[in-house]
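What follows is a set of notes on a single structure, which appears directly below.
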Amino acid sequence: MKLHSLQYLRAIAAIAVVWSHAAIQVESYKPFLRETGAFGVDIFFVISGFIMVYIARENDTPARFFKNRVRRVVPLYWFFTLLMAAILLFMPALFKNSSFSLAATLKSLFFIPETSISHPQHVWPILAPGWSLNYEMYFYALFALALLAPLKFRVWIISIAITIVFLLANIFGSDGPISNFYSSSIVFEFVFGMVLALLFRKGLKVSNGVAWVLLLLGFALMLLPESSLPRIVQYGIPALMIVLGTLYIRIAHSKFFVMLGDTSYSLYICHIFTLGLCRKILPAFLGGDAMAAVLFAVIATLICIVSGIFVHYLIDEWLLKNERLTQIKRILIGRNQNMKTSA
């Protein structure tokens, strides 16, 4: 069953991330805009944990699962990581405070956590949104290994593994990028999603009214000012409330919003390129007051959404289509060889 409401939520989460980055593009606009929306990543992580368990089957194999995940995530990420590397090498002025590094590029391509050259307070790849993909690939690797166990034990094995790694990173870790990466409480948002999927598959019932309360309260908590609370508390719990509410609200089906959900990954990956262009072009036409700042954020976000749709259909789908065609050719070649052998 395709959960259309989760597709809507994926679109909202991606747009929230875009808005948070649009708000900080122009220095003179920052006083007029609030940098809120990064919580979209937390929603993505809960959804990811949910979906992996929801679609899991007893006969899944680690190799097949991980191959499918890599096939879905890596082509577009590599495409824009290499594009970013080329821009940093030949047109560094397009992005603020960025410079090219071959070592950083290689680590980015292979999802190895590394301190950002331009933002040393963060563990980011050269394609900044890719930091969340490092966590996704970590989660996928654990999930793939857990497929060696019976279906009923998998969630608990993954949860225990995440907990052990988290504790070791916090107890024995240094200030290096690897320990900083694994010591973040954000990893438990995958656990939230997995447990929710178990309850959902076992028949958990939530009324439409309660679902709407959870959804709206979750977003209200997300919009509170940032505090010193662990991320799993400030954003992880509200993200769980939002995903839980979204699963049970009664809402009309919309092909358009399902399409936006389908394009959310492309939007998330490519939007910093679009924002870089918007930052160079739009301020000259908008001015420098509060209204100009709001207009910039709105227009830039809309342009990013449109560019995300184009990237999804013209690049992401093309990459996946070519990959699928290769698989089909291999199958057909194998069948032809079998027919010749039989003949």
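The values are calculated or read from the model by the stated rules, or taken from the named source; none is laboratory data. These numbers come from a predicted model, not from an experiment. We place every Cβ from the backbone using ideal geometry, glycine too, and count neighbours over all the protein chains shown.
Assorted remarks:
- Just one of the numbered conditions (1) more than 19 Å from Ala16 (Cβ to Cβ); (2) in contact with an Asp or Glu (Cβ under 8 Å, 6 or more places away or on another chain); (3) not charged (D, E, K, R) is not true of Ala239: (1).
- Looking across the stretch 216-244, the residues that are over 20 Å from the mean Cα position of the chain (by Cα) and either more than 17 Å from Phe188 (Cα to Cα) or at pLDDT 95 or above (or both) come down to Leu216, Leu217, Ala220, Leu221, Leu224, Pro225, Glu226, Ser227, Ser228.
- Just one of the listed residues (Phe257, Phe219, Phe296, Phe310) is closer than 17 Å to Ala23 by Cβ, among the aromatic types (Phe, Trp, Tyr) and in a helix (DSSP H, G or I), and it is Phe296.
- Filtering the stretch 8-39 to residues that are within 18 Å of Leu214 (Cα to Cα) and touching a residue at least 60 places away in the same chain (Cβ under 8 Å) leaves Tyr8, Leu9, Arg10, Ala13, Phe39.
- Entirely in the stretch 115-211, the helices (runs of 4 or more DSSP H) that have 3 or more residues that are modelled with pLDDT of 95 or more and over 16 Å from Ile51 (Cα atoms): 130-146, 151-172
One line per residue, one yes/no per condition, for (1) at pLDDT 95 or above; (2) under 27 Å from Phe200 (Cβ atoms); (3) touching a Cys at 6+ places or on another chain (Cβ under 9 Å):
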{"site": "Tyr54", "(1), (2), (3)": "no, yes, no"}
{"site": "Glu58", "(1), (2), (3)": "no, yes, no"}
{"site": "Thr61", "(1), (2), (3)": "no, yes, no"}
{"site": "Arg69", "(1), (2), (3)": "no, yes, no"}
{"site": "Arg72", "(1), (2), (3)": "no, yes, no"}
{"site": "Tyr77", "(1), (2), (3)": "yes, no, no"}
{"site": "Met84", "(1), (2), (3)": "no, no, no"}
{"site": "Pro92", "(1), (2), (3)": "no, no, no"}
{"site": "Ser98", "(1), (2), (3)": "no, no, no"}
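- Filtering the stretch 218-236 to residues that are within 21 Å of Ile12 (Cβ to Cβ) and of a type in the set (Val, Ile, Thr) leaves only Ile232.
- So Pro150, is it of a type outside the set (Gly, Ala, Ser), in contact with a helix residue (DSSP H, G or I) (Cβ under 8 Å, 6 or more places away or on another chain) and touching a residue at least 40 places away in the same chain (Cβ under 8 Å): no
- Residue in the stretch 260-288 that is nearest to Glu136 (Cα to Cα), counting only those that are touching a helix residue (DSSP H, G or I) at 6+ places or on another chain (Cβ under 8 Å) and not in a helix (DSSP H, G or I): Thr263
- The residue of the stretch 40-90 that is farthest from the chain's Cα centre (by Cα), among those that are surrounded by fewer than 16 Cβ atoms within 10 Å (Cβ to Cβ) and polar (S, T, N, Q), is Asn59.
- Selected residue (only one of Ile269, Ile281 is closer than 29 Å to Met52 by Cβ and β-branched (Val, Ile, Thr)): Ile269
- Check on Ser132, without any contact (Cβ under 8 Å) to a residue 24 or more places away in the chain, within 30 Å of Leu102 (Cβ to Cβ) and of a type in the set (S, T, N, Q): no
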